[in-house]
Structures are given as C-alpha cells and as structure tokens.
Amino acid sequence: MIRVVVEIQVKDEKKLEFLNIAQNLVAESRKEKGCIEYNLIDSGIENQLYFVEKWESMEDLKNHAAAPHSKKYGELLKELKEVELPVEVYETEKRDSIIKRRSIRNYTNDIVSNDIVDRIIRAGMFAPSAGNQQGWEFVVIRNRKILDDLAKMSPYATPLNKANIAILILGNKNVRFPQNLEQDLSAATQNILLQITEEGLGGVWLGISPENDRMELVKNSLNLNDNIIPFAIVPFGYSTEKEKIVDRYDLTKVWNID
C-alpha cells in the first residue's frame, strides 16, 4: 500500500475557489483503479490544507498522476496555491513493524521457539525508562492451567485461553522513580508487541494495572511479592487471522506550534 501526503498553503483570497475545484479532483480520483482513499483535509490552521491518499501500488499512483483529470485539475489548482511543500510518499509494506502491528487474539497450536521468545524479551528490555532504572521483570508462561486461570481476570482476557504462551510484564516498585514505573512498563510492552510482529507472530496487550481485582488475581495465582506490580500480559503466537494493515494516521489530531 502506498500512502501520499501533500501539504498545501492556499492564497488568502482563493481558499473557497481552491476547495470547490479540489472536491472535483477528489471525486474523480476516488473512482480510479487502485484508489483506497483520497481525502482533502483542512488542518484548522489558516489556509493550510492536506491531500491524503492511499493507493494499492506505486503503479496505481503513477497512473493517477498521468490521468487526464489529475492534469486538468492540477493546472487549475496551481494558480491558487501559495506554497506546496514536498510530497511525502510512504510504501507501507516496506516500513517496519510499527505500521504492521495490530491486536491479534486468535492463534494456531504451533509452538513458539525459545529463540524467538528470547528475542522478544530482549526487545522489551531495550525500552527507555526513567533514569534508566529498568524496573521491569518478565514472566514467560507456557503452563496451560496458569494461562486459563489468568484468563478469568477479565471478560477481555479470553485470548489467554487460545494462546499456548504469554509474557507477563511486572514492575518492581523498589526503583528510584516509582512514579514513572508504569510509563517504563508501557514502553517495554510496546517493544514486546513490535518484536512479536517482527517475528511474524501476533499478540495482544491485556491490561492488568490499575484494576485491583485483576492485580489481586494475578498476584495470588503467581504468589507475587507486595513490591511487584502486575502491569500487563501479552498472549501471542502464530496468528489464524488474515493480515491487514490499518492506517490510523489522522492529521486532525496533529497540532503545530511554530
């Protein structure tokens, strides 16, 4: 999938005219072969607009650029622009696991090797932490009974019944900056999810803290000390779900302060 972002500054007195012409370009472009999405977004900043496009392939994008309506409306819009910044083109299939990661809740019975698990844990430990305190601990759980017991902590924890492995992320409160511990653990959990994706697997983040009933169930099941916080658990494995990339980028949630 190809993603394109075009930022445009429109001349002060020409914005309405620009929008009217641009809507025609949007309507025609959406009919093209390979067009997944084609939107014109007003950033909310005076005269700043964005075209945001998604295409199935680079060939489709090239065909769009050469299409008669693209050239026609492109020439009309050219006279109404103040500035057009460089076009940003992303080929998402070749981007890293940040783009590909999504929550996977169904798995095959295939066993995940210890080498893969080791790389996933290592990724968790490469996360940033306050003052480099690294207050995390990780429990790799393959025991069927324990996985099923932990699945009782929440109606949303059923992926634990389907996985044959999970990683429990714990926090040790005996650190220099305990007030930042859960931020550290969040970073570690995200790293774990990204490495799971990198390994060709799927997983899901199941929250434990700060829900007291969930925390107590986990503490009792594993006989954890009082200074240990059960933060989250990530069941994972070989996915039975069809791979799908979901583009969540939303320019309306981005603010610029110059």
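Looking for something modelled with pLDDT under 95, out of contact with any Leu (no Cβ under 7 Å at 6 or more places or on another chain) and not in a strand (DSSP E or B) - is there at least one such residue anywhere in the range 134-153?
no
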Taking the range 48-78 on its own, how many of its residues are of a type in the set (A, V, I, L, M, F, W, C) and either under 25 Å from Asp247 (Cα atoms) or touching a Lys or Arg at 6+ places or on another chain (Cβ under 7 Å) (or both)?
-> 7
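Which members of the range 125-137 meet the condition of being touching a residue at least 40 places away in the same chain (Cβ under 8 Å) and either surrounded by fewer than 17 Cβ atoms within 10 Å (Cβ to Cβ) or among the aliphatic types (A, V, I, L, M) (or both)? Walk me through how you get there before you give the answer.
The initial filter retains those residues of the range 125-137 that are touching a residue at least 40 places away in the same chain (Cβ under 8 Å), namely 125-131, 133-137.
Scanning the range 125-137 gives Met125, Phe126, Ala127, Pro128, Ala130, Gly131, Gln133, Gln134, Glu137.
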Just to be sure, is Ile228 under 14 Å from Val140 (Cα atoms) and either modelled with pLDDT of 95 or more or surrounded by 17 or more Cβ atoms within 10 Å (Cβ to Cβ) (or both)?
-> no
In the range 231-253, the residues that are open to solvent by less than 60 Å² (accessible area, probe 1.4 Å) and over 13 Å from Leu170 (Cα atoms) | Pro235, Phe236, Gly237, Ser239, Glu241, Ile245, Asp247, Asp250, Leu251
Test set (1) over 22 Å from the mean Cα position of the chain (by Cα); (2) within 23 Å of Glu243 (Cβ to Cβ); (3) outside any helix (DSSP H, G or I) - Asn161 fails condition number = (3)
Search the range 20-38 for residues being among the polar types (S, T, N, Q) and closer than 19 Å to Asn63 by Cβ, and hand back the single one that is surrounded by the most Cβ atoms within 10 Å (Cβ to Cβ).
-> Ser29
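What residue, of Asn256, Asn225, is over 30 Å from Tyr38 (Cβ atoms), more than 21 Å from the chain's Cα centre (by Cα) and either in a loop (DSSP other than H, G, I, E, B) or free of Cβ contacts under 8 Å to residues at least 24 places away in the same chain (or both)?
Of Asn256, Asn225, the one residue that is over 30 Å from Tyr38 (Cβ atoms), more than 21 Å from the chain's Cα centre (by Cα) and either in a loop (DSSP other than H, G, I, E, B) or free of Cβ contacts under 8 Å to residues at least 24 places away in the same chain (or both) is Asn225.
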Verdict on Arg176 being free of Cβ contacts under 8 Å to residues at least 60 places away in the same chain, over 19 Å from Ile104 (Cα atoms), surrounded by fewer than 16 Cβ atoms within 10 Å (Cβ to Cβ) and not hydroxyl-bearing (Ser, Thr, Tyr) = yes
Assuming Glu93 fulfils every condition listed in (1) at pLDDT below 75; (2) of a type outside the set (Val, Ile, Thr); (3) surrounded by 14 or more Cβ atoms within 10 Å (Cβ to Cβ); (4) in a helix (DSSP H, G or I) apart from one, which condition is it?
-> (3)
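Return yes or no: is Val83 more than 30 Å from Ser239 (Cβ to Cβ), in a strand (DSSP E or B), modelled with pLDDT under 95 and open to solvent by less than 70 Å² (accessible area, probe 1.4 Å)?
When the stated conditions are applied, Val83 passes them.
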Number of positions in the range 8-39 that are charged (D, E, K, R) and either under 13 Å from Lys78 (Cα atoms) or in a helix (DSSP H, G or I) (or both) = 7
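Does Ala166 satisfy the criteria of being farther than 20 Å from Ala130 by Cβ, out of contact with any His (no Cβ under 8 Å at 6 or more places or on another chain) and touching a residue at least 12 places away in the same chain (Cβ under 8 Å)?
yes
Condition first: part of a helix (DSSP H, G or I), aliphatic (A, V, I, L, M) and surrounded by fewer than 22 Cβ atoms within 10 Å (Cβ to Cβ). Can you find one or more residues in the range 187-204 that meet it?
Yes, because at least one residue in the range 187-204 is part of a helix (DSSP H, G or I), aliphatic (A, V, I, L, M) and surrounded by fewer than 22 Cβ atoms within 10 Å (Cβ to Cβ).
The values are calculated or read from the model by the stated rules, or taken from the named source; none is laboratory data. All figures in this text were calculated on a predicted structure; none of them were measured in a lab. Heads up, the Cβs are rebuilt from the backbone with ideal geometry, glycines too, and the neighbour counts pull from every protein chain shown. Protein only, heavy atoms only, side chains kept; ligands, DNA and RNA dropped before computing areas. Shrake-Rupley method; radii C 1.70, N 1.55, O 1.52, S 1.80 Å.
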